[in-house]
1. For segment 419-432, enumerate the residues that are touching a helix residue (DSSP H, G or I) at 6+ places or on another chain (Cβ under 8 Å) and either under 30 Å from LEU211 (Cβ atoms) or part of a strand (DSSP E or B) (or both).
2. Answer yes if at least one residue in segment 390-402 is open to solvent by 20 Å² or more (accessible area, probe 1.4 Å), touching a Lys or Arg at 6+ places or on another chain (Cβ under 8 Å), at pLDDT below 95 and not in a strand (DSSP E or B), and no otherwise.
3. What number goes with the only condition from (1) in a loop (DSSP other than H, G, I, E, B); (2) of a type in the set (Ser, Thr, Tyr); (3) surrounded by fewer than 20 Cβ atoms within 10 Å (Cβ to Cβ) that SER228 does not pass?
4. Being surrounded by 21 or more Cβ atoms within 10 Å (Cβ to Cβ) and part of a strand (DSSP E or B) is the filter here; which residues of segment 403-418 pass it?
5. I'd like to know if segment 418-439 contains one or more residues that are farther than 18 Å from TYR364 by Cα and under 20 Å from the mean Cα position of the chain (by Cα).
6. Of all residues being of a type in the set (A, V, I, L, M) and open to solvent by less than 60 Å² (accessible area, probe 1.4 Å) in segment 289-313, which is modelled with the lowest pLDDT? Just the residue, please.
7. Limited to segment 437-452, what total is found for residues that are open to solvent by less than 30 Å² (accessible area, probe 1.4 Å) and under 19 Å from ASP378 (Cα atoms)?
8. Return the residues of segment 460-481 that are over 18 Å from THR90 (Cβ atoms) and not in a loop (DSSP other than H, G, I, E, B); say none if nothing qualifies.
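The values are calculated or read from the model by the stated rules, or taken from the named source; none is laboratory data. Predicted, not measured: the structure shown is a model, and the values here were computed from it. Backbone-built Cβ (ideal geometry, glycine too); neighbour counts: all protein chains shown. With ligands, DNA and RNA removed, areas are computed over all heavy atoms of the protein, side chains included. Shrake-Rupley method; radii C 1.70, N 1.55, O 1.52, S 1.80 Å.
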Amino acid sequence: MPARRVVNLALSLLILGHLAAGRAAAQSTLDLSWVFGEDSWLYSDEPLLSGLKPQELVEGWKYSAGAEFRHRYMDERNRLRPLGETARDTYHLYRFAPWVELKHELVTLYVQGIDAENFEERLPPVAIDVNRTDLLQYYFDLNLLDLEEGGQLRLKGGRQFLLYGSQHLVSPLAWANTYRNFEGLKLSYTDEFWSIDGFVVKPVNGAASFLQFHPYSRDEWDSSQTFSGVYATYKTLPHSTLDVYWLWLSEQNDLPTRLEGNRHTIGARLAGKQPFFSEDASLQGVQLTWDLEGAYQFGRDRVFSGTKLDVSAGFVSLLGGFEFTELPWTPSLGGIFYWGSGDHDPTDGTNGTFTTLFPLGHAYWGQLDNFSGANLQDFGVQATVKPAKRLALNAQYHFFNKDQATDAIWNIAGAPLGNLVTPETDLGQELDLVATLQFNKNLQVQAGYFWFWYGEAVSRNAGIAPRKDAQQFYLMTTWLF
């Protein structure tokens, strides 16, 4: 990134900070209530349709109803889109997701619909953008057994979301316009020490399955693919939680350019925070935070190739930093490291490319969404400040490289992009700036601007059309009611 750009961005942020600090008039954070008045409904946590949450239907049964509405304006230039297009595109995304819930002491019944669409887009829509008038979730959640000291055993069946840990591997992908959903069974055990889920599901919509993009017809599960596993969380470690898991993705189809076979993922995650120093020498208001996760994959499958290979792959992710809770604007500073293995020798009969399963890539591998976590190295820094009670500003800077020059560039959809083998490994650098204004727990406005400066692995890749550096802006409003 040219030094002049860094200086200009730093000066802009510094000027904005001084303006906000002046408005704060010696307060630790800026009070935004003057914009609409302290009694404005914008600052109330009371839902707009509070009369529907929850209400008694008949004895023993209560019902709740509500919805989510989200609109996002997008302006992107030269991004590595999953379909390979270049140039600039501006468009709008909206989704409307109403829901109703019936709740009893023994069982919960839940149904949620979705209507998601894009408009004014010149390029073809991708699978995570459009799903018109469909069922997003419908499930029962049955209390099978109450155990001593608050323990419980529950069974959840039907169409549902899955979310585990840091969402590196399993996420409902809320950033996508359509979410990501699955259909099947999940058995959950909880007590004072453990939360353990075992599940067997099938992917449903286009955000979950390569084969299930039905934007204008009824969603059905992908019968060729089964996703199962066990995810356990130990909750009572000092200052942290420990996750351990086994995930199994099985795919059986006759398409030589798609995933087929069996891939197992075993891994662990340790995440938490604690005071930087011990109690007798503590530095008031300084918290050390960490999120360390790693996994190994094995099995036998093919991924966008004609031959099944033995699998030996893995990933490591580390997010760490400091939170300064006693300083004005409560700043936090942190580092980012991610490694997702690539295949160092395509001729040795072993596939070393890590498969990211069903991730929330937007949160980790650059918010412009150029890459998945396969064959990827990411070194970065991030900072967050809160100049107002309801306003957060976040900045991230990433340095991306291919892990193995002999492996492909893998796009955000998990597909190889351009020529599979290039001698260069420098993918480029990305700067992300995001501002989030949380008026109340039901209304949020967020804006982001991202820059990507492509490295030689992209600019010299003959399979990727020559392109200038990328930019993206979005403005998003999310309203729950």
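1. Hits for segment 419-432 are THR422, ASP426, LEU427, GLY428, LEU431.
2. No: zero hits.
3. (1)
4. Hits for segment 403-418 are ILE409, TRP410, ASN411, LEU417.
5. yes
6. The initial filter retains those residues of segment 289-313 that are of a type in the set (A, V, I, L, M), namely 292, 295, 303, 309, 311, 313.
Filter once more, keeping what is open to solvent by less than 60 Å² (accessible area, probe 1.4 Å): 295, 303, 309, 311, 313.
Working: ALA295: 98, VAL303: 78, LEU309: 92, VAL311: 96, ALA313: 97.
For segment 289-313, the residue satisfying everything is VAL303.
7. Result for segment 437-452: 2.
8. Listed by number, the residues that qualify are THR478, TRP479, LEU480.
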